[in-house]
1. I need the full set of residues from region 58-89 which are more than 23 Å from the chain's Cα centre (by Cα) and within 24 Å of Leu135 (Cα to Cα), in order please.
2. Would you mind telling me which numbered condition in (1) away from the ligand (no atom under 16 Å from the Cβ); (2) surrounded by fewer than 20 Cβ atoms within 10 Å (Cβ to Cβ) His206 fails?
3. Please specify each residue of region 322-333 satisfying the condition of being touching a strand residue (DSSP E or B) at 6+ places or on another chain (Cβ under 8 Å), farther than 16 Å from Glu350 by Cβ and either surrounded by fewer than 17 Cβ atoms within 10 Å (Cβ to Cβ) or among the basic types (Lys, Arg) (or both).
4. Looking only at region 106-116, decide whether some residue is part of a helix (DSSP H, G or I), within 16 Å of the ligand (Cβ to nearest atom) and in contact (Cβ under 8 Å) with a residue 40 or more places away in the chain.
5. Test of understanding: among Gln219, Gln288, Gln272, which residue is under 22 Å from Tyr352 (Cα atoms) and either over 19 Å from the mean Cα position of the chain (by Cα) or not β-branched (Val, Ile, Thr) (or both)?
6. Need pairs with beta-carbon distance below 6 Å; first residue within 18 Å of Leu101 (Cβ to Cβ) and within region 435-457, second within 16 Å of the ligand (Cβ to nearest atom) and acidic (Asp, Glu); sequence gap 6+ or separate chains.
7. Go through region 423-434 and report how many residues are more than 24 Å from Pro70 (Cα to Cα) and either more than 11 Å from the ligand (Cβ to nearest atom) or without any contact (Cβ under 8 Å) to a residue 40 or more places away in the chain (or both).
8. Just need a number here: residues in region 131-141 that are assigned to a helix (DSSP H, G or I) and of a type in the set (Lys, Arg).
Amino acid sequence: MANDASAVFDTRSSAVSNDPLADPFTPPADSSLWRKNFLLGAATASYQIEGAVDEDGRLPSIWDTFSAIPGKVLAGDTGAVACDHYHRWEADVDMLVSLGLEGYRLSIAWPRVMDTTGAPNRKGLDFYKRLLNRLKEKGITTFVTLYHWDLPQHLEDRGGWLNRDTAYRFADYADLMSRELAGTVDAWATLNEPWCSAYLGYGNGHHAPGLADGRFATQAMHHLLLAHGLAIPVLHANDPASQMGIVANIGRGTPNSDSAADQRAAHLFEVQHNAWILDPLLKGAYPQELFELWPGTEPLILDGDLQTISAPLDFLGINYYFRSNLASDGAHGFREVPLEGVERTQMGWEVYPEGLRDLLTGFNRTYPNLPPIYITENGMASDDKVIDGHVDDTQRISFLKRHLAAVDQAIKAGVDIRGYFLWSLMDNFEWAFGYERRFGVVHVDYSTQKRTVKRSAEWVAKFLKERKAQV
Ligand code: FCB
């Protein structure tokens, strides 16, 4: 950062002051975050918070099956109870509202709302109707993700995302949901992070359903994106007033040295992380370099698929967490070289806000048709403890401040970014890491289900209050 003005609110590490009167969070006066139409909210996902996995006709999902297999999830944790949000949703909505948050991104559990024949499960649907109606009554902007990884197990039993038919089942599901919930959803996202579903679920087996084959990953990705593309016109037809989009997790890769080989390695990392998803969505073609990186993994694509996949979007959701440092693997790929002496979170992820800014400005150059952006997830895990009724999550305050500064910088550089959702509203089931990793701005005591607002949430609330009070 060369100019002095940015030093007050830049993206570099800054210790949060111990002085309780010092303000560790508030953005500078010229920040775009002060704009009242810049949406600030929080996000969650069904399997991570709801629990009640056997109630009211909910069917098993691939995460119920996967987390029951010993060794797949840290400490053998499962989402069976999670934050018990299925029963505590009213208090959770009150908590969201009391923090002054303006947007809420939630996901629907597909296995809760449809039976094995595709018929609606009324009880499951009613849960989401009550929840969304309440959110609307409270004036909250609602972002609903249709698929945040909890595929019905019966569909996995027929091949899951390796089976092209699943894409058509997804379109049926999108049809049902948008007919039932139209009017209560401001924005629909078809999929959350297809990279994770395809690569972690079918490519390396770290996530449900736990398969590990490179060809599976690219085929699963193709069917996921096809599902997305088939759903978009259905959502538009049923709920024309709403915005339609998709959520992608993006990864920043930087080279370990100036050598051409390491620079190529970093580039290929971003090809498989970002272009694998964004190119078919925004250019209607997979990047050829993907198949140079992973030879022999070309998926089966039928005529018209890429046209379906590249239907225009109203928004693109971006999830960002960290960067990866890369060197050449000596052949045609890359290997990760973890940097020493950098700031990391409880996940071991490097805190690197510049990565978010640089990726966003880069996409703005690469894709002339880049839709308006919402940061649909950003946040960090820390080993938070409640002490005397408080959680002093100082690293998170500093993390959020720096990442919001990065967003502001990207906006000032010309990227159309319209909002930001904290990951997450509350601590929850962090997939293969279970309950150990705490991403919430609200702490959850899993033995009592008590929620404790962390300092980070207090600061966000304070900022939102000041922003609302401005004329
Ligand atoms: C993202 C997921 C979200 C959460 C965060 C930490 O990949 O979308 O559910 O687990 O990571």
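The values are calculated or read from the model by the stated rules, or taken from the named source; none is laboratory data. This one's a predicted model, so the numbers in the text were calculated from it and none came from an experiment. So basically every Cβ, Gly included, is an ideal-geometry build from the backbone, and we count neighbours across all protein chains shown.
1. Hits for region 58-89 are Arg58, His87.
2. (1)
3. Asp329
4. Step one: of region 106-116, the residues part of a helix (DSSP H, G or I) are 110-113.
This time we only want the ones that are within 16 Å of the ligand (Cβ to nearest atom), so: 110.
Subsequent filtering for residues that are in contact (Cβ under 8 Å) with a residue 40 or more places away in the chain retains 110.
Checked region 106-116: at least one residue is part of a helix (DSSP H, G or I), within 16 Å of the ligand (Cβ to nearest atom) and in contact (Cβ under 8 Å) with a residue 40 or more places away in the chain.
5. Gln272
6. Close Cβ pairs satisfying both conditions: Gly440/Asp427; His443/Asp384; His443/Asp427; Val444/Asp427; Lys454/Asp393; Arg455/Asp393; Ser456/Asp393.
7. 2
8. Here the count works out to 2.
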